[in-house]
Amino acid sequence: MTGVDDLPAIWRAIVQGMGAMAPVGTDPATQAHAARVRAIVATLAAQPEAAQRRMIASLVTPLIAPELVAEAATPAPPRAVRVPAGSIYGQTELDGLRAVRSRPDGIEVSVSATGPIAVTTPEGTASARITLETLRRIDPQTGLVVESRERVETLTPDGALQSERLTATHLQPAGGTER
């Protein structure tokens, strides 16, 4: 990221969006959670301009991927990767495959990985199997990631679903059309 147009307006939108996440309710737990959110929002609102720029950069930098446009120009078979993954059992690294493909609607980068994880508790060791699937679609003309999906499943040793997390992001540039 090399610059931010209208930083005050963008920062105001971020702070207001964070503030909107404060839960509404009268029970003590909800009020305590809302107070924590308001404290975070107050801290964010008071950040100096340099910190605001750093935070915005940390949010948008993962959406800028010109190196993937270049990589897709030279077709290659999927390659082995080791990727970080987190679940209710903690953090681990998984072995998997990464593929970069050029498609008619853009560039697609997918990662599929799976592996075991274990956590030690006072009751003993609990083990599980994590599966991670990610997909990113990149607009080859702009180099922007226009869609990103991540699905993490944690399965118990008997194959039962312990937890599942799906994160999806869709970027629609100003003046652009939905794809």
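The values are calculated or read from the model by the stated rules, or taken from the named source; none is laboratory data. Predicted model, so just to flag it, every value in this text is computed and none were measured. Because the Cβ atoms are built from the backbone with ideal geometry, glycine has one as well, and the counts that use them run over all protein chains shown. Accessible surface is based on the protein model in full, side chains and every heavy atom, while ligands, DNA and RNA are left aside. Shrake-Rupley method; radii C 1.70, N 1.55, O 1.52, S 1.80 Å.
From the list 92, 134, 120, which residue is more than 28 Å from residue 59 (Cα to Cα) and either in a helix (DSSP H, G or I) or hydroxyl-bearing (Ser, Thr, Tyr) (or both)?
120
Just give me the residues in segment 100-118 being touching a Ser or Thr at 6+ places or on another chain (Cβ under 7 Å) and among the aliphatic types (A, V, I, L, M), in sequence order.
Of everything in segment 100-118, those that are touching a Ser or Thr at 6+ places or on another chain (Cβ under 7 Å) and among the aliphatic types (A, V, I, L, M) turn out to be 111, 117, 118.
Does residue 31 satisfy being polar (S, T, N, Q), in a helix (DSSP H, G or I), free of Cβ contacts under 8 Å to residues at least 24 places away in the same chain and farther than 29 Å from residue 142 by Cβ? Quick ask: steps written out before the conclusion?
Working: polar (S, T, N, Q): yes; in a helix (DSSP H, G or I): yes; free of Cβ contacts under 8 Å to residues at least 24 places away in the same chain: yes; farther than 29 Å from residue 142 by Cβ: yes.
Criteria met by residue 31.
Tell me the residue from 114, 125 that is modelled with pLDDT of 90 or more and more than 17 Å from the chain's Cα centre (by Cα), please.
On the way: 125 fails: modelled with pLDDT of 90 or more.
After ruling out the rest, the residue left standing is 114.
Find the residue count for segment 96-117, including only residues that are open to solvent by 80 Å² or more (accessible area, probe 1.4 Å) and either farther than 20 Å from residue 165 by Cβ or not in a strand (DSSP E or B) (or both). Outline the logic, then answer.
Taking segment 96-117 as the starting set, the residues that turn out to be open to solvent by 80 Å² or more (accessible area, probe 1.4 Å) are 97, 101-105, 116.
So of that shortlist, the ones also either farther than 20 Å from residue 165 by Cβ or not in a strand (DSSP E or B) (or both) come out as 97, 101-105.
Count: 6.
If I filter segment 22-39 for residues that are surrounded by 14 or more Cβ atoms within 10 Å (Cβ to Cβ), modelled with pLDDT of 90 or more, of a type outside the set (Phe, Trp, Tyr) and within 17 Å of the chain's Cα centre (by Cα), do I get at least one hit?
no
Yes or no: residue 58 free of Cβ contacts under 8 Å to residues at least 40 places away in the same chain, of a type in the set (S, T, N, Q), part of a strand (DSSP E or B) and within 20 Å of residue 147 (Cα to Cα)? Lay out the reasoning, then the answer.
Working: free of Cβ contacts under 8 Å to residues at least 40 places away in the same chain: yes; of a type in the set (S, T, N, Q): yes; part of a strand (DSSP E or B): no; within 20 Å of residue 147 (Cα to Cα): yes.
It is false that residue 58 is free of Cβ contacts under 8 Å to residues at least 40 places away in the same chain, of a type in the set (S, T, N, Q), part of a strand (DSSP E or B) and within 20 Å of residue 147 (Cα to Cα).
Among the residues of segment 65-86 satisfying the criterion of being open to solvent by 30 Å² or more (accessible area, probe 1.4 Å) and part of a strand (DSSP E or B), which is farthest from residue 132 (Cα to Cα)? Walk me through how you get there before you give the answer.
Of all residues in segment 65-86, those open to solvent by 30 Å² or more (accessible area, probe 1.4 Å) come to 66-67, 69-71, 73-80, 82, 84.
Remaining after also requiring part of a strand (DSSP E or B): 79-80, 82, 84.
Working: 79: 16, 80: 14, 82: 11, 84: 9 Å.
Among those that are open to solvent by 30 Å² or more (accessible area, probe 1.4 Å) and part of a strand (DSSP E or B), it is 79.
Does residue 163 satisfy the condition of being without any contact (Cβ under 8 Å) to a residue 40 or more places away in the chain and outside any loop (DSSP other than H, G, I, E, B)?
Details: without any contact (Cβ under 8 Å) to a residue 40 or more places away in the chain: no; outside any loop (DSSP other than H, G, I, E, B): yes.
The answer is no for residue 163.
Identify all residues within segment 1-21 that are open to solvent by 50 Å² or more (accessible area, probe 1.4 Å), without any contact (Cβ under 8 Å) to a residue 24 or more places away in the chain and among the hydrophobic types (A, V, I, L, M, F, W, C); write none if there are none. Walk me through how you get there before you give the answer.
Filtering segment 1-21 for residues open to solvent by 50 Å² or more (accessible area, probe 1.4 Å) gives 1-2, 5-6, 8, 10, 12-13, 16, 18, 20-21.
Those left that are additionally without any contact (Cβ under 8 Å) to a residue 24 or more places away in the chain: 2, 5-6, 8, 12-13, 16, 20-21.
Listed by number, the residues that qualify are 13, 20, 21.
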